[in-house]
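The values are calculated or read from the model by the stated rules, or taken from the named source; none is laboratory data. Everything numeric here is computed off the predicted structure, so don't read it as measured data. Glycine gets a Cβ as well: all are built from the backbone with ideal geometry, and neighbour counts include every protein chain shown. Just so you know, the surface numbers come from the protein's heavy atoms only, side chains and all, with ligands and any DNA or RNA stripped out. Shrake-Rupley method; radii C 1.70, N 1.55, O 1.52, S 1.80 Å.
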Amino acid sequence: MCMQERMINFLYFFLPVLGGYTLTSVYLLKNPQILHRKKRPAFYCKKIAHRGGSGERIESTMEAFTHAAEQGTEMLEMDCHLTHDGFVVVSHDENLLRQTGHDVTISSLNLQDLPLYKERLEVTFYEGRYSTGKDRKFALLEDVFKKFPEMPISIEIKENNHELIKRVSDLVKRYNREGITVWASADSTIMKQCWKMNGSMPYSFTMSRGLLLLLLFYTGLLPFVPIGESLLQFYLMRIFNSLCFILNLLLSCCHCRITMRKSLFRHLAARGIQVHLFVCNTEEDIEAALEVGATGVMSDYPTLLSSYFCKNRSQD
């Protein structure tokens, strides 16, 4: 049998198999309940305050969290670190130079020695905009739990610190918050430690798991694969691209087209996995996030979020 005949026979076999696989994958992408039981989380949030709403009050302070809650925020997003004397402190950075002007780390200081936030703090994702507030003290995670016992909270762990992870888990258990407190981390190694410490808490995609998610989506395998994560928290690509000036326009466009796929987000939502896009600090950003299928929007401006959803009640 010549090479050409072998190729023809191969195509006769391969093309129907490929076609059947593609059709099945597309069908299951739109109807995931056939293979997977939909997740039933203890919370469903559309309005999420990034760092407690760092555009309207000093980020991650009790004043910021309280203000966000008063504006109708449905979820608080924050990061935590451990002081030298073992207190879990809410802070985005471990090194406090940006936030306080002091080049020191949280882990090197006792709680009582932490400096105050600057009087004016630039909003990280909104260049040239600053926030102020009466409260300039670093908040304790325990105080946040006490103040907002029913508020869902996403806690990002940035360092592979066993003691930090254990103390966060212990606080979550003590205040009976396992169903409404989310493990978040970009690092899969850290996330494994978090999940090992407390597997009762929902958790979000890490960076590597997010890349795997895209690979499964584009190869058609995603509808067949079980997913443990309960949330996908990701940059709205127009925000990400605006911060990365070294990316040329073509690359930025490719990134957006690859990651911001409505069919992917709809599939995740149909499986009970929430998609939170951030950081949306203008109405245009909010509209863009919802347009691509976000189930929730994270912003530094909780008042803006509430105002937007109030004006667009059909999306609330």
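For the stretch 159-229, what is one quarter of the convex hull surface built on the Cα atoms, given in nm²? Walk me through the numbers before you get to the answer.
On the way: hull surface 19.2 nm².
So the mean shadow area of the Cα hull is 4.8 nm².
Roll a 1.4 Å probe over the protein chains and send me the accessible area per residue for the stretch 27-155 in Å².
Values: 6170 Å² over 129 residues.
The answer is 48 Å² per residue.
Where the eigenvalues come from the Cα gyration tensor of the stretch 100-152, what are the semi-axes √(5λ) of the equivalent ellipsoid, largest first, in whole Å? Provide the component values of the computation, followed by the final result.
Working: eigenvalues 94, 71, 21 Å².
Taking √(5λ) for each Cα gyration eigenvalue gives 22, 19, 10 Å.
I'd like the orientation of helix 249-259 relative to the chain: the angle between its Cα long axis and the longest Cα principal axis, in ° from 0 to 90, rounded to 10.
Compared with the principal axis, the helix lies near 80 degrees.
Average projected area of the Cα convex hull of the stretch 1-146, in nm²?
Hull-based average projected area comes out at 16.7 nm².
Using Cα pairs closer than 8 Å and at least 6 residues apart in sequence, work out the relative contact order for the chain, in percent.
Here the relative contact order equals 21 percent.
I'd like to compare 161-167, 228-234: which one has the highest average count of other Cβ atoms within 10 Å, and what's the full order after that?
Working: 161-167: 16.6, 228-234: 20.4.
Per-residue Cβ counts within 10 Å, averaged per peptide and sorted highest first, yield 228-234, 161-167.
List the equivalent ellipsoid semi-axes of the chain in whole Å, largest first, each obtained as the square root of 5λ for an eigenvalue λ of the Cα gyration tensor.
Semi-axes, largest first: 40, 22, 19 Å.
Using a 1.4 Å probe, how large is the accessible area of Val225, given in Å² and rounded to the nearest 10?
Accessible area of Val225: about 40 Å².
Quick one: order Phe278, Phe145 from most to least accessible surface, probe 1.4 Å. Walk me through the numbers before you get to the answer.
Details: Phe278 30, Phe145 0 Å².
The ordering from most to least exposed comes out as Phe278, Phe145.
If the convex hull of the alpha-carbon atoms of the stretch 97-217 is projected onto planes in all directions, what is the mean projected area in square nanometres?
Values: hull surface 38.7 nm².
That works out to 9.7 nm².
Under a straight-distance cross-link criterion of Cα-Cα below 18 Å, which lysines are reachable from Lys118, leaving out those fewer than 8 residues away in the same chain?
Once the sequence-local lysines are set aside, what remains near Lys118 is Lys134, Lys137.
Given the rule -39500 (n - 2.57) for each run of at least 4 DSSP H residues, summed and divided by the residues of the chain, what is its mean residue ellipticity at 222 nm, to the nearest 500 deg cm²/dmol? Mind showing how you got there, number by number?
Working: 12 runs with 130 residues, N = 316.
Mean residue ellipticity, 222 nm, calculated: -12500 deg cm²/dmol.
If you take all C-alpha pairs in the stretch 1-87, what percent of them are over 22 Å apart?
Working: 2376 of 3741 pairs.
Tail of P(r) above 22 Å: 64 percent of Cα pairs.
Once phi is turned into ³J(HN,Hα) by the Karplus curve 6.51 cos²θ - 1.76 cosθ + 1.60 with θ = phi - 60°, what whole-Hz value does each residue of the stretch 183-195 show in order, with x for glycine and proline?
6, 9, 6, 7, 9, 5, 5, 5, 4, 4, 5, 4, 5
How many percent of the accessible area of the chain is carbon or sulfur, using a 1.4 Å probe? Provide the component values of the computation, followed by the final result.
Values: 9070 of 15980 Å².
Percent of accessible area from carbon and sulfur atoms in the chain: 57.
With all protein chains present and a 1.4 Å probe, how do Thr295, Thr24 order by accessible area, largest first? It would help to have the intermediate numbers written out before the result.
Working: Thr295 15, Thr24 65 Å².
From most exposed to least exposed: Thr24, Thr295.
Using protein chains only and a probe of 1.4 angstrom, how many square angstrom of Tyr21 are accessible, to the nearest 10?
80
In degrees, nearest 10, range 0 to 90: what is the angle between the Cα axis of helix 162-174 and the longest Cα principal axis of the chain?
80
Run the 1.4 Å probe and let me know the accessible area of Arg129, rounded to the nearest 10 Å².
The accessible area of Arg129 comes to roughly 110 Å².
Check which residues have an amide H placed less than 5 Å from Cys80's amide H, if you skip close sequence neighbours.
Ser91, Glu156, Lys158
At a Cα cut-off below 18 Å, give the lysines reachable from Lys39, other chains included and same-chain residues fewer than 8 away excluded.
Lys30
Going from most exposed to least, what order do Ile180, Ile58, Ile34 have by accessible area with a 1.4 Å probe? Please report the intermediate quantities before stating the final value.
Numbers: Ile180 30, Ile58 0, Ile34 95 Å².
Putting Ile180, Ile58, Ile34 in descending order of accessible area: Ile34, Ile180, Ile58.
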